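Enquirer: Input: one structure, supplied below.
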Amino acid sequence: MNTREMFAKAVDGGYAIPAFNFNNMEQLQAIIKACAETKSPVILQVSSGARKYANQTLLRYMAEGAVEYAKELGWEHPQICLHLDHGDTFELCKSCVDFGFSSVMIDGSSLPYEENIALTKKVVEYAHQYDVTVEAELGVLAGVEDDVVAEESHYTKPEEVIDFATRSGCDSLAISIGTSHGAYKFKPEQCTRDPQTGRLVPPPLAFDVLAEIEKKLPGFPIVLHGSSSVPQEYVDIINANGGNMPDAVGVPEDQLRKAAKSAVCKINIDSDSRLAFTAAVRKVLAEKPGEFDPRKYCGPARDEMVKLYKHKIIEVLGSDGKAE
Ligand code: 13P
């Protein structure tokens, strides 16, 4: 399904739809299992990195298989959207529409304003013919995500959002209010340090900017990228088992919970699942150096990701029980 109905319900209900990236079978199984067990609608996201890693054709049929898998797990009416994450050209978005994706993102946020509108409009005009919904982006997020790299963030300007949404015709809008991609979202100099634990305490999100955007576009679906929280227990397991991730820090979950209650109706999470996977794999391999069967470490990694996704759905996004 596309995102139209999912978002309308989420905006009304004060919760957010999880948008989880997937790159491999274990990740997809974990997402579907968590969503089936909690009856949460879900957006399966494919990034350009995922397409390069796993092959677009394979990912598309995996997503189709995921719908059947969900039903096998007892989820009678799965609500699953297949979404292109960070499409950067019209041709790429078109190929995903033609290929059966139900939603695409065109990320023209690095372009000048008018060019972003023109590119987004072109994608919208094509995608809407096939009832595919389109996410656009205004404002720049800092951080690194696959091929998307930006040094500095620029908050979305609330005074631009009405004009942008109206003229581009986009169905939802990703905004920049201080989230960022990856496991190192904030530089130590942007943070304070908890004197007890020595951990970085990140600066708060710009809720004033979000509130102004909501006022300008009441009821319009807003998207937050870069919303991993970088659970410190995973960072600790990774570091204790041969890893090296100093000062990895994310967006605190209470801030995301607050955002999910507002017009934010899609929250993108990728890095946290990578951390859960890596922590579990490192632990198994450290404890059992003789292990060479990938099922013996990918299995526990998958179980850990199920736990993580369920936690996000129930405790952070509030989307559990919304797709009975
Ligand atoms: P994280 O790196 O915070 O998980 O963000 C993922 C994302 O925004 C995908 O588009």
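Enquirer: Criterion first (over 25 Å from Ile31 (Cα atoms), at pLDDT below 95 and out of contact with any helix residue (DSSP H, G or I) (no Cβ under 9 Å at 6 or more places or on another chain)) does Val144 satisfy it? Working first, answer last.
Expert: Values: over 25 Å from Ile31 (Cα atoms): no; at pLDDT below 95: yes; out of contact with any helix residue (DSSP H, G or I) (no Cβ under 9 Å at 6 or more places or on another chain): yes.
Answer is no for this residue.
Enquirer: Which of the residues that make up the range 189-204 are in contact with a Pro (Cβ under 9 Å, 6 or more places away or on another chain) and either assigned to a strand (DSSP E or B) or not polar (S, T, N, Q) (or both)?
Expert: Going through the range 189-204, the residues in contact with a Pro (Cβ under 9 Å, 6 or more places away or on another chain) turn out to be 190-192, 200-202, 204.
Of everything in the range 189-204, those that are in contact with a Pro (Cβ under 9 Å, 6 or more places away or on another chain) and either assigned to a strand (DSSP E or B) or not polar (S, T, N, Q) (or both) turn out to be Cys191, Thr192, Leu200, Val201, Pro202, Pro204.
Enquirer: Additional query: Test Ser180 against the criterion of being within 21 Å of Phe20 (Cα to Cα), within 15 Å of the ligand (Cβ to nearest atom) and modelled with pLDDT of 95 or more, and give yes or no.
Expert: On the way: within 21 Å of Phe20 (Cα to Cα): yes; within 15 Å of the ligand (Cβ to nearest atom): yes; modelled with pLDDT of 95 or more: no.
No.
Here is a yes/no grid of residues against (1) closer than 15 Å to Ser102 by Cα; (2) of a type in the set (A, V, I, L, M):
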site	(1), (2)
Glu37	no, no
Ser47	yes, no
Asn55	no, no
Leu58	no, yes
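Enquirer: Quick one: would you say Val11 is more than 30 Å from Lys215 (Cα to Cα), assigned to a helix (DSSP H, G or I), touching a strand residue (DSSP E or B) at 6+ places or on another chain (Cβ under 8 Å) and more than 15 Å from the ligand (Cβ to nearest atom)? Give the steps one after another, and end with the answer.
Expert: On the way: more than 30 Å from Lys215 (Cα to Cα): no; assigned to a helix (DSSP H, G or I): yes; touching a strand residue (DSSP E or B) at 6+ places or on another chain (Cβ under 8 Å): yes; more than 15 Å from the ligand (Cβ to nearest atom): yes.
Judged against the criteria, Val11 is not a match.
Residue-wise test of (1) in a loop (DSSP other than H, G, I, E, B); (2) away from the ligand (no atom under 16 Å from the Cβ); (3) over 28 Å from Thr197 (Cα atoms).
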residue	(1), (2), (3)
Val209	no, yes, yes
Phe220	yes, yes, yes
Ser227	yes, no, no
Val230	yes, no, no
Ile237	no, yes, no
Asp247	yes, no, no
Val251	yes, no, no
Cys265	no, no, yes
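Enquirer: If you don't mind, another one. Report, by residue number, each residue of the range 72-97 that is within 24 Å of Leu173 (Cβ to Cβ) and of a type outside the set (A, V, I, L, M, F, W, C). Spell out how you get there, then give the answer.
Expert: Step one: of the range 72-97, the residues within 24 Å of Leu173 (Cβ to Cβ) are 79-97.
Passing the criteria: Gln79, His83, Asp85, His86, Gly87, Asp88, Thr89, Glu91, Lys94, Ser95.
Enquirer: Here is a list of conditions, (1) within 30 Å of Ser168 (Cβ to Cβ); (2) not in a loop (DSSP other than H, G, I, E, B), and Val281 meets all of them except one; can you say which number that is?
Expert: Status for Val281: all satisfied but (1).
Enquirer: Then there is this: Where in the range 42-128 are there helices (runs of 4 or more DSSP H), lying wholly inside it, with at least 2 residues that are more than 16 Å from the ligand (Cβ to nearest atom) and farther than 21 Å from Ala165 by Cα? Give the steps one after another, and end with the answer.
Expert: Numbers: elements: 48-54, 56-72, 90-98, 113-128.
Passing ranges, in order: 56-72, 90-98.
Enquirer: Condition first: touching a helix residue (DSSP H, G or I) at 6+ places or on another chain (Cβ under 6 Å) and surrounded by fewer than 24 Cβ atoms within 10 Å (Cβ to Cβ). Can you find one or more residues in the range 45-62 that meet it?
Expert: Narrowing the range 45-62 to residues touching a helix residue (DSSP H, G or I) at 6+ places or on another chain (Cβ under 6 Å): 46, 62.
Within this subset, residues satisfying the condition of being surrounded by fewer than 24 Cβ atoms within 10 Å (Cβ to Cβ) are 62.
Checking the range 45-62: at least one residue is touching a helix residue (DSSP H, G or I) at 6+ places or on another chain (Cβ under 6 Å) and surrounded by fewer than 24 Cβ atoms within 10 Å (Cβ to Cβ).
Enquirer: Restricting the search to the range 177-200, which residues are of a type in the set (Val, Ile, Thr) and either over 21 Å from Ser153 (Cβ atoms) or buried (at least 22 other Cβ atoms within 10 Å of the Cβ) (or both)? Spell out the reasoning first.
Expert: First, the residues of the range 177-200 that are of a type in the set (Val, Ile, Thr): 177, 179, 192, 197.
If the condition is that a residue be of a type in the set (Val, Ile, Thr) and either over 21 Å from Ser153 (Cβ atoms) or buried (at least 22 other Cβ atoms within 10 Å of the Cβ) (or both), then Ile177, Thr179, Thr197 are the ones that fit.
Enquirer: Among (1) modelled with pLDDT under 95; (2) at negative phi, there is one condition Asp163 misses while meeting the rest; what is its number?
Expert: (1)
Enquirer: Any residue in the range 114-134 that's at negative phi: show its pairings with residues that are among the charged types (D, E, K, R) and surrounded by 15 or more Cβ atoms within 10 Å (Cβ to Cβ) at Cβ separation under 6 Å, as long as the two are six or more apart or on different chains.
Expert: Close Cβ pairs (under 6 Å, with a partner that is among the charged types (D, E, K, R) and surrounded by 15 or more Cβ atoms within 10 Å (Cβ to Cβ)) amount to Tyr126/Lys94; Thr133/Arg4; Thr133/Asp171; Val134/Asp171.
Enquirer: Residue pairs, Cβ under 7 Å, 6 or more apart or interchain, first in the range 87-105 and of a type in the set (Val, Ile, Thr), second at pLDDT 95 or above and part of a strand (DSSP E or B). List them.
Expert: Within 7 Å, the pairs are Val97/Val104; Val104/His83; Val104/Leu84; Val104/Gly87; Val104/Val134.
The values are calculated or read from the model by the stated rules, or taken from the named source; none is laboratory data. Remember, it's a predicted structure, so these values are computed and weren't measured experimentally. Note that we place each Cβ from the backbone using ideal geometry, even for glycine, and neighbour counts take in every protein chain shown.
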